[in-house]
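Everything on this sheet refers to the single structure shown next.
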Amino acid sequence: MSTRTEYDSMGPVDVPSDAYWGAQTQRSLTNFKIGDHKMPRPMIKALGLVKYACAEANASLGLLDDETKEAIQQAAQEVIEGQLDEHFPLVVWQTGSGTQTNMNTNEVIANRAIEILGGKRGSKEPVHPNDDVNKSQSTNDSFPTASAVAIVDQVESNLRPALAKMREALQEKARAFDEIVKVGRTHLMDATPLTLGQEFSGYAAQLEYADQAIEQSMQLVRQLAIGGTAVGTGLNTVEGFSEKVCAVLSETTGYDFVSGPNKFALLAGKETLVEAHSAMKTLAVALNKIGNDIRWMSSGPRCGIGELVIPSNEPGSSIMPGKVNPTQAEALTMVCAHVMGNDAAVGFAAASGNFELNVYKPMLIHNILETTGLLADAMHSFTDKCLVGVEPNRDQIDDYLERCLMLVTALNPVIGYDKAAEVAKKAYKEETTLRDAIVELGYLSGEEFDEAVQPAQMIAPDKRQD
């Protein structure tokens, strides 16, 4: 492999001739051979957006000439579009500020800009990675700014649309199942009835709560650290720089970003990211409940609950012929478990900064972007391959409802709790019906029981009689 020699503050480094990265990226490749998690593509795109916006702001403030600005922006646009992805080889597990990835971005954009202007790759002339591409910035503010841009973009363009799609599918099932009265369950035991539609409406509402939490958390994430430079003071920037960068980012992305009011907090603390991921964990909690409920209700087909029939997508066993498993529910709940693990890591990382800087930034953005992608993919898969094909098993639902002892609850206003409990216990012990038990005890006639115990009338509060 042919190489060229580049220089940084520590001396010469041999870099592959065809690489747009430079000396600092090459040193990171040598020093951090840890795992195979590369910096996520949405983060690379976001870094390109930040460098594009910073070039515009610097030029508008008279800190960068137009020719250099245009070359940097052309190169940054290629980063944004993914044309230079092969030149971002660094792993997540590097310096905790993300300096190596920030410099990777600076070097790639600088070398490509140099090429655009007719210069020699690696020369740092006429575009310098630090002095020009990184002008008015530090890794300490540009990396968290890019992280925020990446999170907002992935949440709004990927996660929330997938959530809305699944919520709409649940709402459609709620409408379709609205007339199907079934046994309720509390503590895994039989309870009073509800409709299958009411049950599914609860699932849809759980997703609505999670979506509201995610939407609210994004308001804080949209407050950007740019302009804080090294420790939050704004050294080496000029007044108005942060606001101009935010304006350009808002225009180019379509999302409203604002300059964070306290850069010290945004560099040293990561509470905004904790809240954002916590909202995603809230979604994972709801999804886990929904996935498990559908898995249990479809269990069987003959020896389980069997109230739902789910699509048969693939064989379920290598030894048991004809077995079909709730694979989409299993995949969904595995993703939820992983997201909860990510949340623990995010919390630990955010709590572990020191003084003016949090130094867990690459892991934070890796975990958060992984969570957004996994949840979105899992919701699409579960919705398309399971949820839309869920159907009720009416015979099983009706059989359970007919035999449910908790219908006795409707007798509380008629004969009182204690007598109703006596009826239920007698019916259970003697394996008879509630109707037979109450008639034998002499508390009601059969006709009076039939009038009092009507499952379809037990799914909502009684209407007041004026």
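Throughout, read-outs are computed from the coordinates displayed, never taken from laboratory work. Computed from a prediction, not measured in an experiment: that's the story for all the values here. Backbone-built Cβ (ideal geometry, glycine too); neighbour counts: all protein chains shown.
Data overview
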| read-out | value |
| --- | --- |
| Per-selection metrics, the range 100-156 (Cα): Rg and Dmax in Å | 13.1, 40 |
| Span from the the range 380-415 Cα centroid across to the the range 261-275 one, whole angstrom | 47 Å |
| Amide H partners (placed H, <5 Å) of VAL309, local residues excluded | GLU391, ASN393 |
| Surrounding net charge for TYR52, when Lys and Arg each add one and Asp and Glu each subtract one, Cβ distance under 15 Å | -2 |
| Structure-derived Rg/Rh (Cα atoms, Kirkwood Rh) - corresponding label in (1) 1.17; (2) 0.96; (3) 0.99 | (1) |
| Rounded FRET efficiency, nearest 0.05, which uses the C-beta distance separating LEU188 from MET320 and R0 of 30 Å | 0.70 |
| Placed amide H near THR3: partners under 5 Å, 5+ positions off or other chain | SER17 |
| Cβ-based charge dipole, the chain, positive-most Cα from THR139, ASN31, ALA113 | ASN31 |
| Net charge dipole size for the range 3-135 [Lys, Arg +1 and Asp, Glu -1 on Cβ; Debye, nearest 20] | 420 debye |
| Residues in the range 306-349 reached by a label modelled at ASP399 [backbone nitrogen below 13 Å; 7 Å Cα→Cβ] | 306-308 |
| Net dipole in debye of the chain [+1 Lys, Arg Cβ; -1 Asp, Glu Cβ; about Cα centre; nearest 20] | 1040 debye |
| Tilt relative to the chain, helix 139-154 - C-alpha long axis, 0 to 90 degrees, to 10 | 40 degrees |
| Lysines with Cα under 29 Å of LYS165, excluding same-chain neighbours fewer than 8 positions away | LYS45, LYS173, LYS182, LYS281, LYS289, LYS385 |
| The chain: relative contact order as a whole-number percent, Cα under 8 Å and 6+ apart | 16 percent |
| Positive-pole candidate from GLN206, SER157, LEU188, dipole of the range 141-208, charges at beta carbon | LEU188 |
| Residue (of ASN288, LEU357, PHE449) at the positive-pole extreme of the chain, dipole from beta-carbon charges | LEU357 |
| Peptides ranked, highest mean first, by Cβ atoms within 10 Å: ranges 218-229, 409-420, 18-29, 244-255 | 218-229, 18-29, 244-255, 409-420 |
| Proximal aspartates and glutamates relative to LYS323, as straight alpha-carbon distance under 12 Å, when same-chain residues fewer than 8 apart are discounted | GLU314 |
| 26 Å Cα-Cα reach of LYS51 towards lysines, excluding residues that sit fewer than 8 places from it in its own chain | LYS38, LYS69, LYS120, LYS124, LYS135, LYS244, LYS263, LYS270, LYS361 |
| Mean shadow area of the range 385-466 over all directions, Cα convex hull, nm² | 7.9 nm² |
| For the range 178-193, 3J(HN,Hα) per residue [Karplus equation, 6.51 cos²θ - 1.76 cosθ + 1.60, θ = phi - 60°, Hz, x = Gly/Pro] | 5, 9, 8, 7, 9, 6, x, 9, 10, 6, 6, 10, 4, 9, 5, x |
| Rule-of-thumb Rg ratio for the range 3-135 [Cα; 2.2 N^0.38 Å; N residues] | 0.98 |
| Global geometry of the range 65-213, whether rounded, prolate or oblate, following the gyration tensor of its Cα atoms and the 1.5 cut on a/c | prolate |
| On Cα atoms only, tilt of 271-297 relative to the major axis of the chain in degrees | 30 degrees |
